[in-house]
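A short worksheet on the structure shown next.
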Amino acid sequence: MENSELIQIAQNVFREEIQALEAISSRINESFVDAVNSIYNTKGKLVIVGVGKSAHIANKIVATLNSTGTPSQFLHATEAIHGDLGMVQPEDVVLCISKSGNTPEITYLAPILKQYASVLIGLTSNPKSELAKSSDIVLEITIDKEACPVNLAPTTSTTSQLVMGDAIAITLMKMRAFSQNDFAKFHPGGALGKKLLWTVENIVDPDRKPFVHPNSSISEVINSLTSGRHGITVVLEDNKILGVITDGDLRRMLLNNETFHHLKAKDIASMNPKTIQKSEKAREALAILRHNSIGQLVVVDEDNNYYGILDIHSILNEGIE
């Protein structure tokens, strides 16, 4: 096949699925409101049931809900019939996903789920199915056809299930006023967790805080810059931060002076440097560094005492961007 034909196939899949989603979106009604209110008000958890491809979608929806403040659990329809129904408690809400709503497992299981749970929500493309008949609330996601050329492989139908799950999750987030800090609590690991949770203190090494005194010699300044490995040293007087000296300050001094033995640290320091509390979020520090086009920040503790140096590369190396 020609490359252009392959591209056209892909574009057609996108187009067909987008059109189906738009049609479903236009049909969202009070049933959706009833469904999210039932989940929001439950004293139990949300159990999501599926079989086949719908089971994979159910698992993803469970993951999204758990990470956004709605306790959820996946229940495979087949396993439910063979003992796992014990996870469904009377206060739970059950969301059962099935395109046809008439698969043997779902047909057998739906009436039992309605009996066991406080509310049974059916998510189906067939509003006349056995699942729909058993459900207290029906979320209809009827589609004209699958994106599959022989109209068999679940494509548009599973996309519709997934997006409806996202709609439920995001609506519940809004209802709960679920914030970025709440999100961070459920994502402590990896780059995302670091971006949301890590403070400056998590990155800075308090044992590596180079400094000189106002009357320190240029040789002492050079030694401090070298040992600190940050390209910056702090000028301290009676534990008070007066200024900083960077590699750049040192280079400019060398360019502007034939001799420098008479110079002291205070003569080449940049006064009133930018500082940040060690308790501030690392992402806020990165924003300050980028906004001011600088490479380091002087870190202070709650009493504004010198705590260490925060280097932009230390932040980026942790995957915080």
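If the condition is being open to solvent by 20 Å² or more (accessible area, probe 1.4 Å) and either in contact (Cβ under 8 Å) with a residue 60 or more places away in the chain or charged (D, E, K, R) (or both), then the stretch 141-157 contributes Thr142, Ile143, Asp144, Lys145, Pro154, Thr155.
Residues in the stretch 209-236 that are buried (at least 19 other Cβ atoms within 10 Å of the Cβ), among the polar types (S, T, N, Q) and part of a loop (DSSP other than H, G, I, E, B): Ser216 alone. When the stretch 75-111 is filtered for residues that are out of contact with any strand residue (DSSP E or B) (no Cβ under 6 Å at 6 or more places or on another chain), open to solvent by less than 40 Å² (accessible area, probe 1.4 Å) and without any contact (Cβ under 8 Å) to a residue 40 or more places away in the chain, the ones remaining, listed by number, are Ala80, Leu85, Ala110. Say whether the condition of being farther than 22 Å from Trp198 by Cβ and touching a residue at least 60 places away in the same chain (Cβ under 8 Å) is met by at least one residue in the stretch 240-254. Looking for residues that are farther than 22 Å from Trp198 by Cβ and touching a residue at least 60 places away in the same chain (Cβ under 8 Å), one finds at least one in the stretch 240-254, hence yes. For beta carbons closer than 9 Å, sequence separation of 6+ or different chains, a first residue in the stretch 4-18 that is in contact (Cβ under 8 Å) with a residue 60 or more places away in the chain and a second that is part of a helix (DSSP H, G or I) and surrounded by 11 or more Cβ atoms within 10 Å (Cβ to Cβ), the qualifying pairs are Val13/Thr156; Glu16/Thr156; Glu17/Thr156; Glu17/Thr159; Glu17/Ser160. Checked against (1) open to solvent by 20 Å² or more (accessible area, probe 1.4 Å); (2) at pLDDT below 95; (3) under 25 Å from the mean Cα position of the chain (by Cα), Thr68 meets all criteria but (1). The set of residues in the stretch 208-232 being closer than 19 Å to Ser314 by Cα and without any contact (Cβ under 8 Å) to a residue 24 or more places away in the chain consists of Thr226, Ser227, Arg229. You will find that of Asn272, Asn239, Asn304, the residue that is at pLDDT 90 or above, loosely packed, with under 14 Cβ neighbours inside 10 Å and closer than 24 Å to Pro214 by Cα is Asn304 and no other. Scanning the stretch 46-60 for residues that are under 21 Å from Lys174 (Cβ atoms) and buried (at least 20 other Cβ atoms within 10 Å of the Cβ) returns Leu46, Ile48.
Restricting attention to the stretch 173-194, does a residue exist that is modelled with pLDDT under 90, among the charged types (D, E, K, R) and buried (at least 17 other Cβ atoms within 10 Å of the Cβ)? Yes, the stretch 173-194 contains a residue that is modelled with pLDDT under 90, among the charged types (D, E, K, R) and buried (at least 17 other Cβ atoms within 10 Å of the Cβ). Only a single criterion out of (1) in a helix (DSSP H, G or I); (2) aliphatic (A, V, I, L, M); (3) in contact with a strand residue (DSSP E or B) (Cβ under 7 Å, 6 or more places away or on another chain) is not satisfied by Val49, namely (1).
Going by what's in this entry, would Ala117 be described as under 35 Å from the mean Cα position of the chain (by Cα) and without any contact (Cβ under 8 Å) to a residue 12 or more places away in the chain? No. Within the stretch 47-63, residues that are of a type in the set (Val, Ile, Thr) sit with their Cβ atoms under 7 Å from residues that are outside any helix (DSSP H, G or I) and open to solvent by 30 Å² or more (accessible area, probe 1.4 Å), at 6+ positions apart or across chains, in these pairs: Val47/Gln73; Ile48/Phe74; Val51/His76; Val51/Thr103; Val62/Gln73; Val62/Phe74. Condition check: among the charged types (D, E, K, R), in a helix (DSSP H, G or I) and modelled with pLDDT under 95. Does Glu258 satisfy that? No: the conditions fail for Glu258. Can you name the residue in the stretch 242-269 that is open to solvent by 50 Å² or more (accessible area, probe 1.4 Å) and among the charged types (D, E, K, R) and is also farthest from the chain's Cα centre (by Cα) among such residues? Top of the filtered list is Glu258.
Do you know which of the residues in the stretch 275-301 that are open to solvent by 40 Å² or more (accessible area, probe 1.4 Å) and of a type in the set (A, V, I, L, M) is farthest from Trp198 (Cα to Cα)? Of everything passing the filter in the stretch 275-301, Ile294 is farthest from Trp198 (Cα to Cα).
The values are calculated or read from the model by the stated rules, or taken from the named source; none is laboratory data. Owing to the predicted nature of the structure, the values given are computational and were not obtained by experimental measurement. When we count neighbours, we look across all protein chains shown, and the Cβ atoms used for this are built from the backbone with ideal geometry, even at glycine. Heavy atoms of the whole protein, side chains included, go into the accessibility calculation; ligands, DNA and RNA do not. Shrake-Rupley method; radii C 1.70, N 1.55, O 1.52, S 1.80 Å.
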